[in-house]
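Down below is the structure, laid out as structure tokens.
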Amino acid sequence: MDTLQTTIRDGVLIMEISNLPVNALSQPVRAALLAAVERLTSEPELRGGVILGAGRTFVAGADIKEFGKPSLAPLLPDIFAAIESCPKPVVAALHGAALGGGLELALACDARIALPSTVVGLPEVTLGIIPGAGGTQRLPRLTGLTTAIRLICSGEQLKAEAAHRLGMLDEVVVEDLQGAAIAWLNSAQAGKRPVSAMRVPEEAPEDIAKAEQAALRAGKSRPAVVAAITVVKEASSTPFAEALAHERAAFLTLRASPEAAALRHIFFAEREAARLPADLQQTPRPIRTVAVIGAGTMGSGIALSALEAGYTVILLDQNTELLAKSGDKLRTQLQERAQAGKISTAVAQEAQARLTLADGWAGIALADLVIEAVFEDLAVKHEVFRQLDTHAKPGAVLATNTSYLDIDAIAAATKRREDVLGLHFFSPAHVMKLLEVVRGAHSASDLAATGMAFGKSLKKLPVLCGNGFGFIGNRIYNAYRTQCEFMLEDGAWPEEIDAALEAFGFAMGPFSVADLSGLDIAWRMRQARASTRDPRTRYVPVLDELCERGRFGRKTCAGYYNYADGKRSAGSDDVVRAIISEASAKRGIARHVLTTEDIQRRALIAMVNEAAQILTEAIAQRASDIDVVLVHGYGFPRWVGGPVQWAREQERKYLERDLDIIAAATGFGFVRGDLDILLKKTNEDNAS
Ligand code: CAA
């Protein structure tokens, strides 16, 4: 199929890029575009050109799939140079997305006209690279350095009106995009206006320094952010061609880095996660009304998400005081989100009207989907599901938000096990994108598609999981945290372990996380599982001891750390150290130093080992889903790509060595995951 269609209208060459779904600038597109620009240059009867995109979007950027391979001519900078040096004006007509190389293409044109719904941006840093086709030099010439630094270092995407206000677009039109582009060519202002010939607007040096510092902080000083700042600043100090060469060199170096490979991996893994196996690709059950049982933090967050997505929501709780409070809070949150510009005022008002509060079970009779978010206890869940069995309408999906309980055991309380599904949201539920969709042994075959479609409608990232303790995320996190507890007993203090893992890139170390979420939650879970635990398995009693002393973490101002004035103490106190030292002594361990690398590798290999088991047990469909879960739900550094991607980057012999180390540390009960399966599956993912 032709990747570029050309037509002539009123002496104007219309160049329509057609490389669906998102018109990525793959090699054939580049070749066809360059040929079209050469034609525009050479044919005297043509007086100007319009570049636009076929289908739902302008151009989403360079073809990311080509990034792991050698570059093939023609390259984007060559095409953009040809557009700028073409004596006839060229207009970019934008709709859908003009991102990365797509926006750079538009910036190389003489004018940019867009529909209001268009989004524009340079998201390259999110892929571990910088714009590689002039974006770092042309954008600041239109917006100034401070805005360019902010946009390029964050990858922020702007709606057309906002981009117009910043000077990135010339016009925003509500209809007939192509006609508007031709009209611009007919207007008095038409003519060659290469952005590369413009001067960068003057700004105060202290404002530029501030923008730079803010970008470094927000972008965690990742290599792409550092490189972007250096190159963008050259726009005002270095001749265009020279700065362009520096941009390209930095782009190529970054593109070949493991960090960029990891970020590409997670980009595609996120999209792959949405795909269901053939037998589960069924028509989702229609859902319009959602009932949420439990008006606590989790239930309210789910309700807010569903309201914003346009569902009619019934929030049910027998505690009328809590229910009223949650209702008020939801209304306030909707107003606040409208004030912050996250949703429109009309959507906020309309969403408030779609919320009903109910304190009796009869309230759920109309719901197509019921999501329970009550206390994490099997008996409590059973009581709820018995009520759902009585009050929910036939065919309604009965979902549990449990984070680790057995879906089949929960479903046993109903006579309609086939309608039961796990929908595990992460807290805060209206913010976190991850959603684990858990199939039980008896879940009907259309439920997976229903859960995935519902998740997507909430703009979440749904990942299909099998039913097993902790599903994907909590199961792996549990293995990681357990290994960290072993390291406490072996010789490291909580702050050493947290610091090592934060240095690796985790948003927070495991003991800071535990203090934040409340140690009592883990304590309760341990108690619930105590009867099934083999006494020969290694068990670190430190958390239980802390809880017995009333140290539940932040909420009691003491846990692994102290929180006087709400701020975390730098290290653990004498009480905590005494509890840990006593645990080591009881186990007969002579405490020894663990280096930062020891800590990082043991924690990571514990995750990798569990990931391998999860794959063998078919709890995860594919290795890359595990990475998506860890990156989106557990603060795993996105730039490492997830535990499976990390394992892929390691030498096999070191993975084996580390597996032996954690096997010895765990002792009885250690199950060795099959690395071959994990890494083989990963290779298959790569090939797809
Ligand atoms: N290259 C290759 N494939 C791409 C792509 C790209 N730039 N952008 C999207 N795709 C693919 C996706 O992988 C997906 O493929 P499958 O259907 O096989 O899964 C398909 O296009 C549709 O994408 P989405 O599912 O993401 O569709 P969406 O409608 O939800 O979102 C989008 C559309 C906003 C454009 C989104 O795809 C997106 O953000 N794309 C990436 C944009 C980007 O990062 N561009 C910069 C590229 S780097 C660059 O351009 C460097 C440079 O300076 C030269």
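Coordinate-derived values only; no laboratory data. All of these numbers come straight from a predicted model, not from anything done at the bench. Cβ coordinates were reconstructed from backbone atoms using ideal geometry, including for glycine residues, and neighbour counts include every protein chain displayed.
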Exercise for the section: Label region 441-482 by shape, choosing from rounded, prolate and oblate, from the square roots a ≥ b ≥ c of the eigenvalues of the Cα gyration tensor; if a/c is under 1.5 it is rounded, and otherwise prolate applies when a/b is larger than b/c, oblate when it is not. Expected result: oblate
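Rounded to the nearest 20 Debye, what is the dipole magnitude of region 203-252 about its Cα centre when Lys and Arg each give +1 and Asp and Glu each give -1 at the C-beta?
The calculated dipole for region 203-252 is roughly 340 debye.
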Problem - Computed [θ] at 222 nm, helices only, for the chain once each DSSP H run of length n ≥ 4 contributes -39500 (n - 2.57) - result: -15000 deg cm²/dmol
Exercise for the section: Count charges around Arg554 for me, please; just the other residues with Cβ under 11 Å from its Cβ, Lys/Arg as +1, Asp/Glu as -1. Expected result: +3
Exercise for the section: Using the charge dipole of the chain (Lys, Arg: +1 at Cβ; Asp, Glu: -1 at Cβ; taken about the Cα centre), state which of Ile14, Thr390, Leu330 has its Cα farthest towards the positive end. Expected result: Thr390
Problem - Contact order relative to length of region 202-304, as percent, for alpha carbon pairs under 8 angstrom and 6 or more apart - result: 12 percent
Fill in the blank from the handout: Measuring from the longest principal axis of the C-alpha atoms of the chain, the long axis of helix 378-391 (C-alpha) lies at a number of degrees, nearest 10, equal to 70 degrees
Exercise for the section: Could you please state, rounded to a whole Å, how far the C-alpha centre of region 1-63 is from the C-alpha centre of region 90-113? Expected result: 12 Å
Practice task
Return one number: the angle in degrees, 0 to 90 and rounded to the nearest 10, between the long axis of the Cα atoms of helix 223-234 and the longest principal axis of the Cα atoms of the chain.
Solution key: 30 degrees
Practice task
Could you tell me whether region 52-168 comes out rounded, prolate or oblate from its Cα gyration tensor? Rule is a ≥ b ≥ c as square roots of the eigenvalues, rounded for a/c under 1.5, then prolate if a/b exceeds b/c, otherwise oblate.
Solution key: rounded
Fill in the blank from the handout: Here the net charge surrounding Pro201, from other residues whose Cβ is less than 12 Å away from its Cβ (Lys, Arg +1; Asp, Glu -1), is -1
Practice task
May I ask you to list the residues of region 132-172 whose amide nitrogen lies under 18 Å from a point 7 Å from Cα along the Cα→beta-carbon direction of Glu202?
Solution key: 141-147
Practice task
Give the angle, between 0 and 90 degrees and rounded to the nearest 10, that separates the Cα long axis of helix 675-687 from the longest principal axis of the Cα atoms of the chain.
Solution key: 20 degrees
Problem - Qualifying lysines (Cα of each under 16 Å from Cα of Lys88; at least 8 residues distant if same chain) - result: Lys192
Exercise for the section: With +1 on each Lys and Arg Cβ and -1 on each Asp and Glu Cβ, and nothing else charged, work out how big the dipole of region 1-152 is about its Cα centre, in Debye to the nearest 20. Expected result: 340 debye
Problem - Computed E for Glu656/Ala209 - FRET, C-beta separation, R0 35 angstrom, nearest 0.05 - result: 0.10
Completion exercise
When all Cα-Cα pair distances of region 234-291 are considered, the percent exceeding 13 Å is 76 percent
Practice task
Quick one: grab the alpha carbon gyration tensor of region 268-376, order the square roots of its eigenvalues as a ≥ b ≥ c, and give me rounded if a/c is under 1.5, else prolate or oblate depending on whether a/b is larger than b/c.
Solution key: oblate
Fill in the blank from the handout: Once normalised by the length of the chain, the mean sequence separation of its alpha carbon contacts under 8 Å that are 6 or more apart gives a contact order in percent of 9 percent
Handout entry: Percentage relative contact order, region 544-688, counting C-alpha pairs under 8 Å, at least six apart
Key = 20 percent
Problem - Stokes-Einstein D (µm²/s) once Rh is taken as the Kirkwood radius of the chain over alpha-carbon pairs, at 25 °C in 0.890 mPa s - result: 88 µm²/s
Exercise for the section: Would you calculate the separation in nanometres between label points at Ala585 and Ser237, each defined as 7 Å from the Cα along the Cα-to-beta-carbon direction? Expected result: 6.0 nm
Exercise for the section: Mark the label point 7 Å from the Cα of Leu72 along Cα→Cβ and return the residues of region 94-133 whose backbone N is within less than 18 Å of it. Expected result: none
Completion exercise
Once the mean of 1/r over all distinct C-alpha pairs in region 1-56 is inverted, the Kirkwood radius in Å reads 11.4 Å
Exercise for the section: Within the set of other residues whose C-beta is less than 15 Å from the C-beta of Arg150, count the net charge using Lys and Arg as +1 and Asp and Glu as -1. Expected result: -1
Practice task
Based on the mean of other Cβ atoms within 10 Å per residue, sort peptides 253-260, 443-450 so the most packed one is first.
Solution key: 443-450, 253-260
Problem - Segment Ala324-Arg47, extension gain: residue separation times 0.36 nm, minus the distance between their alpha carbons - result: 93.1 nm
Completion exercise
XL table Lys393/Lys415; Lys342/Lys460; Lys342/Lys456; Lys433/Lys555; Lys393/Lys460; Lys325/Lys433; Cα-Cα > 22 Å flagged, in table order, is Lys433/Lys555; Lys393/Lys460; Lys325/Lys433
Practice task
Could you tell me which trypsin sites (Lys or Arg not before Pro) in region 500-541 are loop residues by DSSP with no more than 14 other beta carbons within 10 angstrom of their beta carbon?
Solution key: Arg533, Arg536
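Taking the Cα centre of the chain as origin, sum charge times position over the Cβ atoms of Lys and Arg (+1) and Asp and Glu (-1), and report the length of that vector in debye to the nearest 20.
Charge dipole, the chain, about its Cα centre: 360 debye, nearest 20.
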Completion exercise
One computes Rg over Rh for region 372-465 from alpha-carbon atoms, with the Kirkwood Rh, and obtains 0.94
Problem - region 525-540 and region 349-396: distance between their alpha carbon centers, rounded to Å - result: 33 Å
